[in-house]
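Only one structure is covered here, and it is reproduced in the block below.
What follows draws every value from the coordinates through simple rules; no lab data is involved. In this text, all values refer to a predicted model and were calculated from it rather than measured experimentally. Ideal geometry is used to build each Cβ from the backbone, glycine not excepted, and the neighbour counts take in all protein chains shown.
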Amino acid sequence: MLRLLVLLLVLLNAGYYAWSQGMLRSYGWAPAEQSEPQRLTQQIRPEAIRILPADEGRRAEQVALTPPKPPECLQAGLFDEAQTETVRKALETSLPGGAWSLELMVEPARWIVYMGKFPNAAAQEKKKVELEKMKLRLQPLDNPELQLGLSLGRFETQAQAQTELNALQRRGVRTARVVQERPEIRQSQLRIPAADEALRPKLEEIKPALGDKTLRSCR
């Protein structure tokens, strides 16, 4: 009886082993396969996976844990009309359309009440003394072409300068006249309102077009 029981256990173990290893699959007896082949098809470039050395892994972890810099407003300029077109082409090539703007800045013309040109510095100084005795305040001249002359006032419009000239003539000033010291200046300023981590690397591409102008924080 005991021998029969032992023989039965041996046969049962042998049968279980054959079943669990799939040896009886051709007879329709085999365990269900536990596999997920769909996961293999979902892998993206598994050959690109690599194990990082310890020091490189620590650096990568530090970069991942470092919070990104907040977006920063940057500006550059001013640019004249020719420079503006060069900058515009570089911006259209390198940056997204809504990431930048070129803001037109107009500096109005300047008109002055002017006396001169005098034949020499001595004549200029003599007239300057006369005007100071009349308690008239002189303004510096920014236009080199008007040197050896005197400015009796700066104005944004020709009409304002003419009004001042009329008043000076009533005080005895006879040889002054209204002239334009500087024409209207039209320039553009580049403004990038939100330069974030994604945009900053692209800013290197536009720097050659900026010439001697540099990007700086918006004021």
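Could you state the number of Å between the C-alpha centres of the range 110-136 and the range 165-219?
Computed from Cα coordinates, the inter-centre distance equals 30 Å.
Classify the range 110-182: rounded, prolate or oblate, from the alpha-carbon gyration tensor (a ≥ b ≥ c, eigenvalue square roots; a/c under 1.5 rounded; otherwise prolate if a/b is larger than b/c)?
Oblate, because a/c is 1.5 or more while a/b does not exceed b/c.
Provide the packing ranking of 115-124, 74-83, i.e. peptides ordered by the mean count of other C-beta atoms within 10 Å per residue, highest first.
74-83, 115-124
Once you put a point 7 Å from the Cα of Ala121 and another 7 Å from the Cα of Arg174, both along the Cβ direction, what distance in nm separates them?
Computed distance between label sites Ala121 and Arg174 equals 2.8 nm.
At a Cα cut-off below 18 Å, give the lysines reachable from Lys207, other chains included and same-chain residues fewer than 8 away excluded.
Excluding near neighbours in sequence, the set is Lys89.
How do 84-95, 207-218 rank on mean C-beta neighbours within 10 Å, highest first?
So the peptides 84-95, 207-218, ranked by packing, come out 84-95, 207-218.
Test of understanding: what is the full-extension gain from Gln158 to Glu92, defined as 0.36 nm times their sequence separation minus their Cα-Cα distance?
Stretched out fully, the Gln158 to Glu92 stretch lengthens by 19.8 nm.
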